[in-house]
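The values are calculated or read from the model by the stated rules, or taken from the named source; none is laboratory data. As the structure is a prediction and not an experimental result, all values here were calculated from the model. Neighbour counts are summed over all protein chains in view; Cβ atoms, including those assigned to glycine, are modelled from backbone coordinates with ideal geometry. Heavy atoms of the whole protein, side chains included, go into the accessibility calculation; ligands, DNA and RNA do not. Shrake-Rupley method; radii C 1.70, N 1.55, O 1.52, S 1.80 Å.
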Amino acid sequence: MRVRVLGSAAGGGFPQWNCGCPNCAGVRAGTIRATVRTQESVAVSADGEGWVLLNVSPEIRQQVESFPGLHPRGPRHSPIDAIVLTNGDLDHTLGLLSLRESHPLVIYATERVRLGFTEGNVLYRTLERFPGQVTWRLLALGREEEIARADGAGTGLLMEAVPAPGKPPIHLEGARPPDPEDSIGLRIREVSTGRCLAYFAAAGGVTPAVLDAMAGADGVFFDGTFWASDELPALGLGSKRAEEMAHLPIGGAGGSLAALRGVRAPRRIYIHINNTNPILRDDSAERRAVDAAGWEVAQDGMEVTL
Ligand SMILES: [Zn+2]
Ligand SMILES: [Zn+2]
């Protein structure tokens, strides 16, 4: 199974357009050891020909151009066989509207995420211009199924949606009560080899279901949004703690580095990294702590073969 990181940053990217935090200012000025990143999206393939996108960031056009594996192989063609949405946040879904050039799309999502994106959204009409432009396939928690192309042919990848502690997207907060289908992780298994990827780009905690999904996986991606609970307040960037935004921080006694120390996957990778996170600095103490625990930090263009 090939896993290509198209984008590795949390919402806003790195640097973020309106942010002058030490990381954003430093990477702009070239005064810190850090690499710019686009917003989180990953492409997965069993055969290296067709690809399944996990989330579609607002930078999808640039991300497709940056990876020859996703370039068209005919006058009108895309190797993108299907798209999976793990929640309804705009950094994970907004790119769908940029894929509006009359191309059939297959989108897997929970019913909650589908409704959150389509209901009352006049811009969604751009993806309803002809019959079959979008085929929604609804994900049910805990059911393994093969990801299929628009014509029904299999992709060689089996997928199970796993509830991940989360919340509705910010623009729908208060509009509907929270629901287990607001945010999911994925366990993806390659049919031919049995190789397995556990993918949790956003998770407010580590539950038994999350640990089950990681058991025996060959590669694990996990929410690396924040290092500390009070990362934003400490920088004067708002009042919300990481957990209030449904992101378990990496560091601290209750953080993901501690909670996932029993996970033995050969590749363990933090993704969806907020621009304030000190692990973005290649020479920070926090980055050394992550390295020492055997975890990697995702970068745009990184490719992992499981
Ligand atoms: Zn996000
Ligand atoms: Zn910043």
What accessible area per residue, rounded to a whole number of Å², is obtained for region 103-249 using a probe radius of 1.4 Å? 43
Spatial separation of Cα centroids for region 231-295 and region 68-91, in angstrom: 29
Rg/Rh (Cα only; Kirkwood hydrodynamic radius) as it applies to region 145-220: 1.06
Per residue, how much accessible area does region 45-84 show when a 1.4 Å probe rolls over the protein heavy atoms, in square angstrom? 44
Compute the Kirkwood hydrodynamic radius of region 104-200, taking the inverse of the mean of 1/r over all pairs of distinct Cα atoms, and give it in Å to one decimal. 14.8
Per-residue HN-Hα couplings for region 106-111 [Karplus 6.51, -1.76, 1.60; θ = phi - 60°; Hz; x = Gly/Pro]: 10, 10, 9, 6, 6, 4
Can you give the relative contact order of the chain as a percent, counting alpha carbon pairs under 8 Å and 6+ residues apart? 20
Using a 1.4 angstrom probe and counting only protein chains, how large is the accessible area of residue 171 in Å², to 10? 100
The long-range amide H neighbours of residue 88, using H built 1.01 Å from N in the peptide plane and a cut-off of under 5 Å, are none
How much space per residue, in cubic angstrom, does the convex hull of the C-alpha atoms of region 67-122 take up? 97
Over the residues of the chain, compute the C-alpha Rg and express it relative to 2.2 N^0.38 Å. 0.94
Starting from the exponent 0.38 and prefactor 2.2 Å, build the expected Rg for region 196-306 from its residue count and divide its actual Cα Rg by it. 1.02
So how strong a dipole does the chain carry about its Cα centre when Lys and Arg Cβ are +1 and Asp and Glu Cβ are -1, to the nearest 20 debye? 340
How are the Cα pair distances of region 16-145 distributed, in percent, across 10 Å bins from 0? 11, 38, 31, 16, 5, 0
Estimated FRET transfer efficiency when R0 is 51 angstrom, pair residue 71-residue 253 (beta carbons, to 0.05): 0.65
Nearest 5 is fine: what % of DSSP beta bridges in the chain come out antiparallel, could you say? 50
A correct Karplus calculation of ³J(HN,Hα) over region 151-158, with 6.51 cos²θ - 1.76 cosθ + 1.60, θ = phi - 60°, whole Hz and x for Gly and Pro, returns 7, x, 5, x, 9, x, 10, 9
Sorted by chain and then number, the residues having a modelled amide H within less than 5 Å of the amide H of residue 268, at least 5 places away or on another chain, are 220, 296
From the phi of every residue in region 91-102, what ³J(HN,Hα) in whole Hz does the Karplus formula 6.51 cos²θ - 1.76 cosθ + 1.60 yield, where θ is phi - 60° and glycine or proline is x? 5, 9, 10, 4, x, 4, 5, 7, 9, 8, 7, 6
Can you list residues whose amide H is under 5 Å from residue 37's amide H, if they're 5+ apart or on another chain and H is modeled 1.01 Å from N? 14
Using a 1.4 Å probe and counting only protein heavy atoms, arrange 212, 179, 283, 91 so the residue with the most accessible area comes first. 212, 283, 179, 91
Probe 1.4 Å, all protein chains in place: accessible area of residue 1 in Å², nearest 10? 10
